[in-house]
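Chemist: Here you go, one structure.
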Amino acid sequence: MSFSPEEMSELKAHLERTFKCSGITVKKREKADDSIEVMVGGEFIGIIYKIIDEGETSYDFNMAILDIDLNLPSSK
């Protein structure tokens with residue numbers, strides 16, 4: 001279930017349009033072929049998983065946001 005260069009290019013373009021950000025890159029992962037890494041400005045932000053079910057392909061973008069990256073008041 002690896003990603004073709006065309007898929008990676010289309011996913012990159014889709015993310016750039018959706019987030020209005022031209023600094024997005026995608027790259028293959030070293031130990032997994034069912035997903036690719038998403039980077040912004042060289043910093044890892046998430047993973048796109050490729051899912052094939054009943055002949056249909058979908059892509060699941062998973063992005064974790066750490067509490068230390070937010071400007072929330074401390075709950076301590």
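Please treat every number below as a calculation from the coordinates, not as lab data. Remember, predicted model here, so these are calculated numbers, not experimental data. With ideal geometry, Cβ positions are generated from the backbone for all residues, glycine too; neighbour counts draw on all protein chains shown.
Chemist: Rounded to the nearest 0.05, what FRET efficiency do I51 and L72 have when you use their Cβ-Cβ distance and R0 = 22 Å?
Modeler: Details: r = 33 Å, r/R0 = 1.48.
Efficiency computed from Cβ-Cβ geometry: 0.10.
Chemist: Using DSSP to call loops (not H, G, I, E or B), can you name the GluC sites (Glu not before Pro) in the stretch 37-76 whose Cβ has at most 14 other Cβ atoms within 10 angstrom? Don't skip to the answer; put the middle values down first.
Modeler: On the way: sites: E37, E43, E54, E56; in loops: E54.
Of the GluC sites (Glu not before Pro), the ones in loops of the stretch 37-76 whose Cβ has at most 14 other Cβ atoms within 10 Å are E54.
Chemist: Next question, about the same structure. Would you work out the charge dipole size for the chain about its Cα centre, treating the Cβ of every Lys and Arg as +1 and the Cβ of every Asp and Glu as -1, and quote it to the nearest 20 debye? Before the final figure, lay out each step's value.
Modeler: Values: 9 positive and 15 negative charges, 81 e Å.
The calculation lands at about 380 debye.
Chemist: Mind sorting out which of (1) 15.8; (2) 16.7; (3) 13.8 is the real Kirkwood radius over Cα pairs in Å computed from the coordinates?
Modeler: (3)
Chemist: Hey, got a sec? Which trypsin sites (Lys or Arg not before Pro) in the stretch 11-57 land in a DSSP loop and have at most 10 other Cβ atoms within 10 Å? Intermediate results must be reported in sequence, preceding the final value.
Modeler: Working: sites: K12, R17, K20, K27, K28, R29, K31, K50; in loops: K20, R29, K31.
When the trypsin sites (Lys or Arg not before Pro) of the stretch 11-57 are filtered for loop state and at most 10 Cβ neighbours within 10 Å, K20, K31 remain.
Chemist: What relative contact order, as a whole-number percentage, does the chain give when Cα pairs under 8 Å and 6 or more residues apart are counted?
Modeler: Numbers: 93 pairs, mean separation 14.4, N = 76.
Relative contact order of the chain: 19 percent.
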